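Engineer: Handing you this structure, nothing more for now.
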Ligand code: DMJ
């Protein structure tokens with residue numbers, strides 16, 4: 001169908017409200033799925049044109065950015081399984097060729113273990129699961145072995161950085177997200193190799209962290225992995241803690257790990273008791289002191305918006321749905337969500353939008369679990385916002401401010417790995433992926449449960 005006809009039909013298919021009162025008009029899922037796929041292709045083509053072989057595209061200056069002195073192909077690895085799910089066969093083939101010809105971890109580079117694990121190790125594991133090429137498996141094992149020295153701390157909780165060649169570690173002040181968001185990937189490596197050491201090392205570090213949660217079941221923001229002492233005791237579900245809770249639950253499900261489930265249950269009770277807050281009938285999750293439960297800040301943001309997905313996956317659909325109403329409300333305040341928002345003062349604290357996926361991810365989980373059409377309507381709202389504010393000449397750009405809508409010169413690899421994948425999956429539910437047969441890592445890489453037995 002030609003592009004003009006598609007846009008014309010879309011216009012009559014949905015009327016997007018700028019508030020959270022959704023139109024009752026039916027969403028044409030097929031058309032929206034095609035639109036999202038086009039947005040992905042546009043971004044991938046911009047990467048190809050201006051950043052080929054590098055880590056990421058800089059969409060405004062039309063050049064590239066590398067995280068280290070050598071490119072680790074963050075965008076192609078992160079984006080690969082989205083191509084598979086979207087049926088973009090020739091793009092997947094060209095990405096594969098680039099990866100196998102150019103990706104090597106044998107470099108004297110200091111990397112951040114968490115980012116490399118969730119984006120690269122996770123991306124390669126899922127690439128192997130969905131594509132089956134043994135060369136992906138070899139890359140997975142090589143990378144996992146190079147990252148493994150991070151766990152050699154006195155407590156077993158990982159250091160922040162590791163040198164890929166020498167194994168030298170650095171960064172004894174770490175945070176729960178970076179300590180606790182590794183078990184799906186390293187657990188998968190254990191399954192793929194038959195060697196339990198990967199899972200056991202990560203699990204030990206994670207349980208050492210859980211052991212140090214307060215009597216209220218809460219963890220703080222930073223901890224010393226050598227002494228086990230908390231450095232910053234602020235507790236929240238935002239960046240630096242967020243995906244620790246997500247991985248307790250997902251590890252419990254994927255690996256049938258009872259201790260992970262117990263740790264999750266202890267935490268979720270504390271989170272719902274001390275962090276949950278209600279203002280003007282809306283549910284939010286605040287920042288508190290982990291020991292006393294005393295409220296420190298009425299702050300919520302784009303990263304916190306992953307939490308409805310976790311609540312829904314844990315079976316608490318009621319709370320998940322209530323929180324998702326707040327998330328879409330926060331999104332609609334300025335037509336696109338801010339990084340940080342003070343919900344009690346109704347004030348934007350951090351104006352940027354980094355093309356983040358979490359709000360969209362939660363709508364996807366809730367749509368899968370409840371089948372409620374309102375999450376499709378949310379999907380349409382997200383899509384229209386991205387096109388209206390983040391579309392660059394070629395590719396998509398972050399926003400420096402959701403108030404002025406001024407763009408900034410970045411397109412993170414998670415835009416292709418997560419944001420567009422979850423958005424696509426909201427609309428392309430039939431025949432693409434069975435939600436119940438996978439567990440997504442925190443970078444939206446779907447790990448097949450059948451391969452984790
Ligand atoms: C991603 O790298 C992951 O989703 C991570 O868990 C949090 N931050 C970004 C996306 O916002």
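Values in this text are rule-based calculations from the coordinates and carry no lab data. Since this is a predicted model, take the numbers as computed values, not measurements. No Cβ is skipped: glycine too gets one built from the backbone with ideal geometry, and neighbour counts run over all protein chains shown.
Engineer: Quick one: 120, 355, 416, fewest Cβ neighbours within 10 Å first, how do they rank? Write out the running numbers ahead of the final one.
Structural biologist: Working: 120 25, 355 22, 416 29.
Ascending Cβ contact count within 10 Å gives the list 355, 120, 416.
Engineer: Using Cα centres only, tell me the gap between the range 41-95 and the range 191-207 in whole Å.
Structural biologist: 31
Engineer: Taking the Cα centroid of the range 412-453 and of the range 264-317, what is the distance between the two, rounded to the nearest whole Å?
Structural biologist: 25
Engineer: Over the Cα atoms of the range 224-304, each weighted equally, I'd like the Debye log10 I(q)/I(0) at q = 0.15, 0.25 Å⁻¹, rounded to two decimals.
Structural biologist: Ignoring solvent entirely, the Cα scatterers give -0.61, -1.25.
Engineer: Please give the peptides 227-240, 297-310 ranked by average Cβ packing (other Cβ atoms within 10 Å per residue), highest first, as a rough proxy for protection. Could you put the intermediate results ahead of the total?
Structural biologist: Values: 227-240: 18.6, 297-310: 24.4.
So the peptides 227-240, 297-310, ranked by packing, come out 297-310, 227-240.
Engineer: I would also like to ask the following. Contour minus end-to-end for residue 170 and residue 215, with contour as 0.36 nm per residue of separation and end-to-end as the Cα-Cα distance?
Structural biologist: Working: separation 45, 0.36 × 45 = 16.20 nm, distance 3.02 nm.
Full-extension gain reported as 13.2 nm.
Engineer: Moving on to the next point. In vacuum, with every alpha carbon of the range 204-350 counted as one equal point scatterer, what does the Debye formula give for log10 I(q)/I(0) at q = 0.13 Å⁻¹? Two decimals, please.
Structural biologist: Computed log10 I(q)/I(0) values: -0.56.
Engineer: Rounded if a/c is under 1.5, else prolate if a/b beats b/c, else oblate: with a ≥ b ≥ c from the C-alpha gyration tensor eigenvalues square-rooted, which is the range 348-423? Can you show the working numbers first?
Structural biologist: On the way: a/c = 2.10, a/b = 1.78, b/c = 1.18.
The shape class here is prolate.
Engineer: I'd like the projected area of the range 90-215, averaged over all directions, using the convex hull of its alpha carbons. Report it in nm² with one decimal. Before the final figure, lay out the partial values.
Structural biologist: Numbers: hull surface 32.7 nm².
Its Cα hull, projected and averaged over all orientations, spans 8.2 nm².
Engineer: From the mean inverse distance of alpha carbon pairs (Kirkwood) and the Cα radius of gyration, derive Rg over Rh for the range 312-453.
Structural biologist: Numbers: Rg = 15.5 Å, Rh = 15.9 Å.
That ratio equals 0.98.
Engineer: How big is the chain in terms of Cα radius of gyration and Dmax, in angstroms?
Structural biologist: Here Rg and the maximum Cα pair distance are 20.9, 63 Å.
Engineer: Could I get the Rg over Rh figure for the range 26-106? Both from C-alpha atoms, Rh via Kirkwood, rounded to two places.
Structural biologist: Working: Rg = 14.0 Å, Rh = 13.5 Å.
When Rh is taken as the Kirkwood radius, the ratio is 1.03.
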